[in-house]
Amino acid sequence: MDYSVGQVAGFAGVTVRTLHHYDEIGLLVPGGRSHAGHRRYGDADLDRLQQILFYRELGFPLEEVGALLDDPDADPRAHLRRRHELLTARIEKLQRMAAAVEHAMEARTMGIDLTPEEKFEVFGGKDPEEHAEEAERRWGGTEEYAESQRRAARYTKDDWQRMQAEVASWGERYAALMESGAPAAGEGAMDMAEEHRRHIDTWFYPCSYEMHRCLGATYVDDERFKAFYDSMRPGLAVHLRDAITANAARHGTGAVGR
């Protein structure tokens with residue numbers, strides 16, 4: 001069988017744009033084209049994409065990934081040694097990937113063909129390329145970014161799903177709070193802001209009230225953050241920013257709370 005670029009993007013949890021980029025730089029050139037000239041991917045292409053995403057999860061630049069995959073004598077361990085600190089932080093995640101590889105090997109030995117969805121399940125439905133370069137460019141030199149990377153590397157798929165469930169629950173309750181007409185500086189909104197801060201503090205990095213206040217401003221100034229919070233309820237981004245500011249003042253701006 002072969003698959004369209006949209007189908008492959010869905011299987012792997014990456015964007016169509018990412019697949020187009022991989023094709024343009026010669027990293028993953030689809031094995032076929034339709035009569036209309038559209039990209040068509042075969043099983044060999046899916047296997048190569050799986051390997052690309054494994055290396056991307058390890059932090060390898062795209063050009064090094066291409067060199068590894070196209071040079072049969074390349075030693076991945078040499079690259080891993082140069083990224084020893086990153087590998088150490090991500091060891092648990094690598095173990096899960098190893099289990100996925102073993103599963104693939106076992107399936108191949110037994111003559112079982114994994115579904116496209118099964119091949120990419122280990123990546124938890126997220127695109128490794130999405131926002132990675134921008135995040136590293138903006139915050140790569142900060143302790144918070146490093147801590148966030150260390151923590152995220154340890155999370156399982158269940159962890160990510162639990163985190164997403166917490167966000168969804170929080171969003172529903174915050175939207176209901178706004179629907180009731182509660183002011184941003186009220187106790188209810190400030191309590192929700194405090195829950196939001198603790199969520200960041202627990203899952204990503206130590207989040208002081210001053211840092212949380214700066215994040216609140218970003219939620220309004222950055223259109224992508226604003227769209228995310230306003231999708232829960234129109235106006236939620238601004239309301240949350242004001243609630244964060246009020247909560248920081250309640251605890252003393254600049255104080256560090258856990």
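The values are calculated or read from the model by the stated rules, or taken from the named source; none is laboratory data. Keep in mind the model is a prediction, meaning the values are calculated, not measured. As a convention, Cβ positions derive from the backbone with ideal geometry for all residues, glycine included, and neighbour counts pool all protein chains shown.
Applying the set (1) over 20 Å from the mean Cα position of the chain (by Cα); (2) surrounded by fewer than 20 Cβ atoms within 10 Å (Cβ to Cβ); (3) part of a helix (DSSP H, G or I) to ALA237 leaves exactly one unmet item: (2).
Can you find a residue that is in a loop (DSSP other than H, G, I, E, B), touching a helix residue (DSSP H, G or I) at 6+ places or on another chain (Cβ under 6 Å), under 21 Å from GLU172 (Cβ atoms) and assigned by TED's automatic domain parsing to the domain that holds ASP158 anywhere in segment 211-234? Scanning segment 211-234 turns up at least one residue that is in a loop (DSSP other than H, G, I, E, B), touching a helix residue (DSSP H, G or I) at 6+ places or on another chain (Cβ under 6 Å), under 21 Å from GLU172 (Cβ atoms) and assigned by TED's automatic domain parsing to the domain that holds ASP158. For segment 182-207, a tally of residues being polar (S, T, N, Q) and buried (at least 16 other Cβ atoms within 10 Å of the Cβ) returns 0. Among all residues of segment 167-179, there is none that is within 30 Å of LEU58 (Cα to Cα), at pLDDT below 85 and not assigned by TED's automatic domain parsing to the domain that holds LEU58.
The listed residues are GLU179, GLU223, GLU210, and the only one of them that is over 19 Å from the mean Cα position of the chain (by Cα), exposed (fewer than 13 other Cβ atoms within 10 Å of the Cβ) and acidic (Asp, Glu) turns out to be GLU179. Considered as a group, the residues in segment 153-166 that are in contact with a helix residue (DSSP H, G or I) (Cβ under 9 Å, 6 or more places away or on another chain) and of a type outside the set (Phe, Trp, Tyr) include one that is modelled with the highest pLDDT, and that residue is GLU166. Taking segment 60-73 as the range and being part of a loop (DSSP other than H, G, I, E, B) and surrounded by 18 or more Cβ atoms within 10 Å (Cβ to Cβ) as the test, only PHE60 passes.
Looking across segment 30-58, just one residue is among the aliphatic types (A, V, I, L, M) and without any contact (Cβ under 8 Å) to a residue 12 or more places away in the chain, and that is ALA36. For segment 31-56, the set of residues classified as hydrophobic (A, V, I, L, M, F, W, C) and surrounded by fewer than 18 Cβ atoms within 10 Å (Cβ to Cβ) consists of ALA36, ALA44, listed by residue number.
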